Amino acid sequence: MSWRVVNHDELLEATGASPYVDVAVPADAVAIVGEHGWAAMHPWRPSGHWGGAALVAPGAPPEAESQALAELLALAPDTPLEWFSTSAGRQLAAPPGFLVDGSGRWDFLSTRVDVPPAGAVFPGDLELLELDDATDAAELEAFGRAHNTDFEGFPGHGFSVLWLGLRDASSALVAIGGMHLLATGTPHLSGIVVDRAQRGRGIGRALTVALTRRALDRCGVSTLGVFSSNTPAISLYHSLGYRTHHRFHTRVLSAL
């Protein structure tokens, strides 16, 4: 197999204007294309968190993604790589000097259209307010963990530029949701959690609408990631205009 180095514009063209490449892969990415597909290694956040993806045609050799990752690392051997993704069901061998010690399966979605107003009204007994990523970090983390064991909002890490929360009459949190920025500056919704006892009232939908509108006002696009097994959440996001672009199998990589 052979790969050639490309810049961002060439990568966008080679991928048929992939929404992932367009909104999540910054200009300083290390990127290659080949006869079976493409691969890129890039920071996920403005502060780093380097990872990437190799996406190939279904009939590509089983070692295609492993070879692509080895090629990327040869081009940029000092990259502090933390994770790497393939399409669901594709294999990935740990490159020399790295250990695979975790994985996750998730969908990447985005929207550029305003969300429908139906179902976007909060229950009248709840108050919507902004929370602070630093000052309210402990409360956000405790609430998120209490109602979602897979909570990945990362409050207090400086990733979030916005937190919205809902409080009831006793000032107790009922729901939270955050907006991070990708390395490209694109808004990425994260950490949307509703109190288990309050689910079924349309709170999660209304909160997602509010966050999406903030993202669209800021950048004209909103993205999010969701575990592939969370079909109710995926259905909700699709009903709001989000579209799934990729179903990823991400491996966590640790340098030896």
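Once the range 212-230 is narrowed to residues that are within 30 Å of Pro95 (Cα to Cα) and of a type in the set (Gly, Ala, Ser), the residue that is most open to solvent (accessible area, probe 1.4 Å) is Ser229. Residues considered: Asp101, Asp78. Of these, the only one that is farther than 30 Å from Ser239 by Cβ, of a type outside the set (Gly, Ala, Ser) and free of Cβ contacts under 8 Å to residues at least 24 places away in the same chain is Asp78. Scanning the range 231-256 for residues that are among the aliphatic types (A, V, I, L, M) and open to solvent by 60 Å² or more (accessible area, probe 1.4 Å), we see that the one that is modelled with the highest pLDDT is Val252.
With the condition kept exactly as written, say whether any residue in the range 149-163 is surrounded by fewer than 20 Cβ atoms within 10 Å (Cβ to Cβ), in contact (Cβ under 8 Å) with a residue 60 or more places away in the chain and part of a loop (DSSP other than H, G, I, E, B). Yes: one or more hits. Among the residues of the range 103-148, those identified as small (Gly, Ala, Ser) and either surrounded by 19 or more Cβ atoms within 10 Å (Cβ to Cβ) or under 19 Å from Asp195 (Cα atoms) (or both) are Ser110, Gly119, Ala120, Gly124, Ala137, Ala138, Ala142, Gly144, Ala146.
Of a type in the set (A, V, I, L, M, F, W, C), touching a strand residue (DSSP E or B) at 6+ places or on another chain (Cβ under 8 Å) and part of a loop (DSSP other than H, G, I, E, B): is that true of Phe108 in this structure? Here the answer is no, as Phe108 does not meet what is asked.
Does Val113 satisfy the condition of being under 29 Å from His245 (Cα atoms), in contact with a Gly (Cβ under 6 Å, 6 or more places away or on another chain) and not in a strand (DSSP E or B)?
Values: under 29 Å from His245 (Cα atoms): yes; in contact with a Gly (Cβ under 6 Å, 6 or more places away or on another chain): yes; not in a strand (DSSP E or B): yes.
Considered against the rule, which asks whether it is under 29 Å from His245 (Cα atoms), in contact with a Gly (Cβ under 6 Å, 6 or more places away or on another chain) and not in a strand (DSSP E or B), Val113 comes out as yes.
For the range 1-17, a residue qualifies if it is farther than 10 Å from Ala40 by Cβ and open to solvent by less than 50 Å² (accessible area, probe 1.4 Å), and the qualifying residues are Trp3, Leu12.
The values are calculated or read from the model by the stated rules, or taken from the named source; none is laboratory data. Values in this document were obtained by computation on a predicted structure and should not be read as measured data. All Cβ positions, glycine included, derive from the backbone under ideal geometry; neighbour counts span all protein chains shown. Areas reflect the complete protein model, heavy atoms only, side chains present, ligands, DNA and RNA absent. Shrake-Rupley method; radii C 1.70, N 1.55, O 1.52, S 1.80 Å.
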